[in-house]
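Worksheet for the structure shown next.
The values are calculated or read from the model by the stated rules, or taken from the named source; none is laboratory data. All of these numbers come straight from a predicted model, not from anything done at the bench. We place every Cβ from the backbone using ideal geometry, glycine too, and count neighbours over all the protein chains shown. We work out accessible area using only protein heavy atoms, side chains counted, and drop any ligands, DNA or RNA first. Shrake-Rupley method; radii C 1.70, N 1.55, O 1.52, S 1.80 Å.
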Amino acid sequence: SRHYCVTTQFAFQENEIKLLTAEIERLKNFGCLGVSPSLEGLRDENAKLKYRLNFLKKSLQEERSKSTKSMININSCLQEIFGAAIQAAYPDLENPPLVVTPSQQPKFGDYQCNSAMGISQILLKTREQKVIPREIAEKIVKNIPANECIEKVEIAGPGFINVHLRKDFVSKQLSSLLINGVQPPAIGKRKKVVVDFSSPNIAKEMHVGHLRSTIIGESMCRLFEFAGYEVLRLNHLGDWGTQFGMLIAHLQDKFPDYLTVSPPIGDLQAFYKESKRRFDTEEEFKKRAYQCVVLLQSKNPDFIKAWNLICDVSRREFQKIYNCLDITIIERGESFYHEMMKDIVKEFEDKGFVQVDDGRKVVFVPGFPVPLTIMKSDGGFTYDTSDLAALKHRLCEEKGDILIYVVDSGQSVHLQTIFAAGQMIGWYDPKVTRVAHAAFGVVLGEDKKKFKTRSGDTVRLIDLLEEGLKRAMDKLKDKERDKVVLTPEELKAAQTSVAFGCIKYADLSHNRLNDYVFSFDKMLDDRGNTAAYLLYAFTRIRAIARLASIDEQMLRKAAREEVLVLDHEKEWKLGKCILRFPEILQKILEDLLLHTLCDYLYELATTFTEFYDSCYCVEKDRQTGQIVKVNMWRLLLCEATAIVMAKGFDILGIKPVQRM
């Protein structure tokens with residue numbers, strides 16, 4: 001019998017295989033396997049059917065193999081079960097509420113189905129039937145189909161259905177995790193995700209304001225990649241526009257032989273400030289800067305070379321940051337879309353959306369008071385034009401199924417207007433394609449104001465990372481890890497792991513929609529929900545088997561042979577917590593809030609500590625310290641915790657170390 005925890009798509013594929021097999025038999029009876037030329041068409045049809053049949057069989061085999069290796073999302077599993085029960089109990093009810101959540105207290109079981117109250121309200125409003133929720137809960141329980149997950153259910157209070165999981169089911173899922181590794185649940189059709197993140201401006205250094213977009217965007221990409229999506233990571237650089245006129249004019253004055261000798265621009269930020277000062281104060285320079293813009297936009301080779309030189313200096317500086325933070329991203333700046341912009345303007349004109357306002361071409365989007373300016377009065381394009389061109393390219397050329405813009409909250413109205421314009425002109429249907437703004441708040445200093453240096457300047461990102469490295473090393477030396485505990489190589493690895501891990505985690509552990517206070521002291525604290533605590537907890541877990549002289553091969557062998565006993569309440573609690581990983585990831589794929597993963601990893605680490613304090617994994621003689629017994633099933637629980645934590649770290653872009 002088919003359990004509800006297995007995806008129902010197999011049933012459809014199996015049915016198609018049966019139909020195709022029957023069709024091939026039918027064609028055989030018509031002689032399509034013979035040699036008569038008149039039967040060529042039948043032979044072709046037969047060949048196509050056989051090809052389709054083989055493809056389906058192979059596909060079904062691969063899906064089954066993947067399904068048996070994948071972690072099961074227990075919450076989704078229970079939703080399928082209770083969805084079927086509600087459908088059977090109330091077949092005429094359209095879209096009944098389906099609410100399944102983990103129980104907050106062990107006395108209420110492992111999960112709860114709280115749909116009865118919602119169904120009671122619907123029956124009262126739509127049919128004027130007054131049915132108490134407890135009666136509805138009883139009817140749902142009577143219709144629960146056969147399944148491998150549930151041990152028993154209890155109805156509590158006004159109509160809560162408390163669900164107790166079967167221990168052998170949980171044990172089996174943990175064994176599968178240990179044998180197959182952390183495998184994501186199957187996602188069905190593989191979709192393409194385009195993520196726009198980081199996006200600094202050429203000729204300006206990356207500052208603390210770029211930190212959030214870069215870290216959040218990278219983590220989102222890692223999550224979607226792990227879940228099996230095709231991910232395109234795009235860096236929408238500010239590499240085009242009027243500012244390049246003043247930069248090129250200044251380059252010509254400072255380094256007149258730039259075409260033959262690469263100019264030694266050491267400090268691009270100072271170079272930019274100097275050119276901006278001249279642009280604001282020297283009228284002749286300002287005129288020449290505008291001429292440079294025209295020549296650049298007309299693709300004059302000398303000016304393109306100057307533009308490339310300036311961009312290359314910035315790229316090298318950006319790459320230093322990306323190397324430190326382990327960021328992978330493809331550059332696709334505003335210049336990439338420049339040639340498409342005139343077609344964007346024409347398309348909006350052809351469809352009658354353009355109005356002329358004081359020489360500007362503008363587009364009013366219903367629901368948004370400020371129009372988009374797609375062409376200036378001088379014929380130049382704007383950020384609105386380039387953002388529309390980027391949106392269209394990602395939808396129509398890249399064929400993105402999901403588009404995510406990791407951009408600060410201040411751009412919210414602008415982006416929503418751009419998305420609505422794309423929808424208005426017919427580039428996408430929001431019911432089919434998901435276009436989302438993953439907004440985030442600003443980074444604050446400990447004074448709760450925008451994070452600045454003491455002199456009031458914006459904090460350079462490279463300075464922030466170097467300060468993190470220094471403070472991480474100070475922390476490790478305070479703990480005397482440099483004396484006898486770690487080799488110089490291990491100390492360096494721990495320093496990098498702690499410094500960059502803590503900076504990333506401090507950001508990701510906060511709800512991205514809120515501002516957050518940047519504090520090295522808090523993020524390097526090895527107590528509480530910090531990367532320092534989690535990284536240290538991880539190294540301790542990894543050390544348990546190593547100190548018991550149990551290697552990976554022995555653990556793998558035990559995973560295949562041992563039954564994970566979950567009799568102790570802390571073993572049971574830890575086992576269930578480990579298996580919640582897929583439902584945590586599924587939630588983040590839906591709402592793009594990564595702090596949920598951080599909260600889960602902290603909960604997992606603290607649940608492990610409760611388990612380790614209560615359950616001996618390795619028993620030693622109190623006098624001699626010699627190992628007298630190894631409880632292998634508990635070591636396997638340690639290993640399961642570690643591999644889930646490791647995957648969580650990987651999604652967050654944090655690199656743990658074996659020794660700290």
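General remarks:
- Residue check, Asn201 closer than 24 Å to Thr385 by Cβ and either free of Cβ contacts under 8 Å to residues at least 40 places away in the same chain or surrounded by fewer than 19 Cβ atoms within 10 Å (Cβ to Cβ) (or both): yes
- Options Lys570, Lys576; residue that is farther than 30 Å from Ser219 by Cβ and of a type in the set (Lys, Arg): Lys570
- Within the stretch 499-521, restricting attention to residues that are closer than 22 Å to Glu218 by Cα and open to solvent by 40 Å² or more (accessible area, probe 1.4 Å), the residue that is farthest from the chain's Cα centre (by Cα) is Val517.
- Of everything listed in (1) among the charged types (D, E, K, R); (2) touching a Leu at 6+ places or on another chain (Cβ under 6 Å); (3) open to solvent by 40 Å² or more (accessible area, probe 1.4 Å), the single unmet condition for Asp384 is (3).
- Matching entry among Ala420, Ala472 (being within 25 Å of Leu593 (Cβ to Cβ) and in contact (Cβ under 8 Å) with a residue 12 or more places away in the chain): Ala420
- Looking at Leu524, Leu491, just one residue is of a type in the set (A, V, I, L, M, F, W, C), within 25 Å of the chain's Cα centre (by Cα) and farther than 30 Å from Asn631 by Cα, and that residue is Leu524.
- Selection from the stretch 414-446 of residues that are closer than 30 Å to Ile503 by Cα, of a type outside the set (Gly, Ala, Ser) and either out of contact with any strand residue (DSSP E or B) (no Cβ under 8 Å at 6 or more places or on another chain) or open to solvent by less than 60 Å² (accessible area, probe 1.4 Å) (or both): His414, Leu415, Val435, His437, Phe440, Val442, Val443, Leu444
- Scanning the stretch 551-568 for residues that are assigned to a helix (DSSP H, G or I) and more than 31 Å from the chain's Cα centre (by Cα) yields Gln553, Met554, Lys557, Ala558, Arg560, Glu561.
- Residue match in the stretch 625-642 (condition: within 16 Å of the chain's Cα centre (by Cα), acidic (Asp, Glu) and within 26 Å of Ser103 (Cα to Cα)): no
- Boolean, Ala532 is surrounded by 15 or more Cβ atoms within 10 Å (Cβ to Cβ) and free of Cβ contacts under 8 Å to residues at least 60 places away in the same chain: yes
- Residue identified as hydrophobic (A, V, I, L, M, F, W, C) and farther than 30 Å from Gln173 by Cα among Leu513, Leu534, Leu564: Leu513
- Any hit, the stretch 522-534, residues being over 25 Å from Thr609 (Cα atoms) and either among the hydroxyl-bearing types (Ser, Thr, Tyr) or not in a helix (DSSP H, G or I) (or both): no
- Only one of the listed residues (Ile578, Ile654, Ile627, Ile643) is among the hydrophobic types (A, V, I, L, M, F, W, C) and over 25 Å from Arg527 (Cα atoms). That residue is Ile627.
- Residue in the stretch 447-457 that is open to solvent by 30 Å² or more (accessible area, probe 1.4 Å) and either modelled with pLDDT of 95 or more or among the small types (Gly, Ala, Ser) (or both) present: yes
- Residue check, Arg190 more than 24 Å from Thr101 (Cβ to Cβ) and either aliphatic (A, V, I, L, M) or without any contact (Cβ under 8 Å) to a residue 24 or more places away in the chain (or both): no
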